[in-house]
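Below is one structure; the comments refer to it alone.
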């Protein structure tokens, strides 16, 4: 199968190309930034470029995007052009080319303000049924692109699956207060409890979505590590998260103390990946238990592919949008 991967010089795009190159598929990587994993350099905003790249393509893995940290450096119009117009170009040219499958990498950021419970309220249990409430132009444009995928399925029959990924980037958190309060590795380890996923698991979700797309037709899925929490924990998580974590992982305190780490005092949302596990047959391997065991063994809790891909900060800073 001939597969187009957009954003092939980015974290997920590179990881997908790395894995797909080891298969019988014919893979084409597209990005604004040159790399060993990009065959065609250009913008998805350029309709003719997109049309040329989609010639003979049977499936699209669309990971290219302007991301949340770029809200501070790019105009709203730039987000609309890349995240909305670029996605529309790909969808329409995929239909014209006779492609059968389209996997769109979205984000849990589409939920926006719906992830922010008022003071005293329990943490939010986040499923695909939660109604998004825009918080910034990034989330608004990704939500609009999701709707374009659904519209294209309804109008043209193109199988489109939307994967709402939680955090998998290795760069430092964009929240300055959190950067000051926590060691970076500490912060990321904590997030595996409720809002982070390893790159290897994101890749496996995309490949399963590729397999299942035609039988499902259209669907939105949360792609995040499997949380140890249940809905019964939501009130306690908001009030005293360390106590809940200690109940589930009695060994975490000693390991954290040896590193000078600390748990979040409060957790305000929990991502539930049950629908992706049920519909896609997805079995994420990296969760808080695995992270904790790796730390205790003196290993790196990141997957091999996450370590190989590494950070993309330098490449992103050179991007010309």
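Points to keep in mind about this one:
- Spin-label model, residue 47 to residue 96: label points 7 Å out along the Cα-to-beta-carbon direction sit 0.7 nm apart.
- Placing dummy labels 7 Å off each Cα toward the beta-carbon, the span from residue 275 to residue 129 is 1.0 nm.
- MRE, 222 nm, helices only [DSSP H, n ≥ 4, -39500 (n - 2.57), over the chain, to nearest 500]: -12000 deg cm²/dmol
- Estimated distance in nm for a label pair at residue 255 and residue 171, the labels positioned 7 Å out from Cα along Cα-to-Cβ: 2.8 nm
- Ascending count of other beta-carbon atoms within 10 Å, so fewest first, for 311, 204: 311, 204
- Calculated FRET efficiency for the pair residue 283/residue 262, C-beta based, R₀ 30 Å, to 0.05: 0.45
- Only Cα pairs under 8 Å and 6+ residues apart enter the sum, and on that basis the relative contact order of the chain stands at 19 percent.
- Taken over the alpha carbons of the chain as equal point scatterers, the Debye sum produces base-10 log I(q)/I(0) values at 0.06, 0.11, 0.14 Å⁻¹ of -0.20, -0.68, -1.10.
- Going by neighbour counts of Cβ atoms within 10 Å, the residues 182, 286 line up, fewest first, as 182, 286.
- Each DSSP beta bridge with both residues in the chain is either parallel or antiparallel, and the antiparallel ones are about 0%.
- Panel note: the C-alpha atoms of the stretch 135-238, placed on their principal axes, show extents of 50, 30, 29 Å (largest first).
- Counting neighbouring beta carbons within 10 Å and listing from fewest to most, the residues 3, 80 come out as 80, 3.
- Gyration tensor (alpha-carbon) shape descriptor, the stretch 1-76, a/c threshold 1.5: oblate
- The alpha carbon centroids of the stretch 172-246 and the stretch 80-146 are separated by 17 Å.
Where a number appears in this text, it was derived from the coordinates with a stated rule and is not lab data. Note that this is a predicted model, so its numbers are computed, not measured. Note that each Cβ is placed from the backbone with ideal geometry, even for glycine, and that neighbours are counted across all protein chains shown.
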